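Here the structure comes first, spelled out in structure tokens, and everything after it is commentary.
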Amino acid sequence: MKKGYSSNDEVALQRSRYFDQKSLRNNLQEKLIQQETAIIGLENEIESRRADFQNQIIRYELQQNDLKIRLLEFESVSELIVNAPLDGLIESISATVGQIIREGDALAQLIPANKGEY
């Protein structure tokens, strides 16, 4: 054998090592693609769950607002006892059901029982 040349066995061994390395590289690339696909799937699952949670939060907020409105409606129509500053008969009513009033607002006109106080 001449100096600088490889024997057929050495060439076959190097060729075998090359194809083994190439096969290993291909296997690793395939595993990398599988891992990247799994990551994308997990990221999609996270986004899907995030959207589901946001929708659930919105539904709960809408339900909370509905309950607040119902509570306000209930409070506005619940029975309330108002005492007049003097005895007498109601001549006219100036407030309506559901109307928002403030303390001191006139609700009705009275005809006093004792006309001397009027």
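Observations, loosely collected:
- Restricting attention to segment 84-99, the residues that are without any contact (Cβ under 8 Å) to a residue 24 or more places away in the chain and within 28 Å of Leu72 (Cβ to Cβ) add up to 9.
- All of Leu62, Leu110, Leu86, Leu72 fail the test of being of a type outside the set (Gly, Ala, Ser) and in contact with a Pro (Cβ under 6 Å, 6 or more places away or on another chain), apart from Leu86.
- Any hit, segment 109-117, residues being part of a helix (DSSP H, G or I), touching a Leu at 6+ places or on another chain (Cβ under 8 Å) and either surrounded by 10 or more Cβ atoms within 10 Å (Cβ to Cβ) or of a type in the set (D, E, K, R) (or both): yes
Results for (1) out of contact with any Pro (no Cβ under 7 Å at 6 or more places or on another chain); (2) in contact (Cβ under 8 Å) with a residue 40 or more places away in the chain; (3) surrounded by 10 or more Cβ atoms within 10 Å (Cβ to Cβ); (4) not basic (Lys, Arg), shown as yes or no for each residue.
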site	(1), (2), (3), (4)
Asn8	yes, no, no, yes
Gln14	yes, no, yes, yes
Leu24	yes, no, yes, yes
Glu47	yes, no, yes, yes
Phe53	yes, no, yes, yes
Lys68	yes, no, yes, no
Glu79	yes, no, no, yes
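- Of the criteria (1) at pLDDT 95 or above; (2) within 30 Å of Gly98 (Cβ to Cβ), which one Ile81 fails: (1)
- Qualifying residue in segment 87-97 (condition: assigned to a helix (DSSP H, G or I) and open to solvent by 100 Å² or more (accessible area, probe 1.4 Å)): no
- Qualifying residue in segment 66-82 (condition: over 22 Å from the mean Cα position of the chain (by Cα), of a type in the set (S, T, N, Q), under 30 Å from Ile111 (Cα atoms) and in a helix (DSSP H, G or I)): yes
The values are calculated or read from the model by the stated rules, or taken from the named source; none is laboratory data. Since the model is a prediction, treat every value here as computed from it, not as a measurement. With ideal geometry, Cβ positions are generated from the backbone for all residues, glycine too; neighbour counts draw on all protein chains shown. Ligands, DNA and RNA are excluded from the accessible area calculation, which covers all protein heavy atoms including side chains. Shrake-Rupley method; radii C 1.70, N 1.55, O 1.52, S 1.80 Å.
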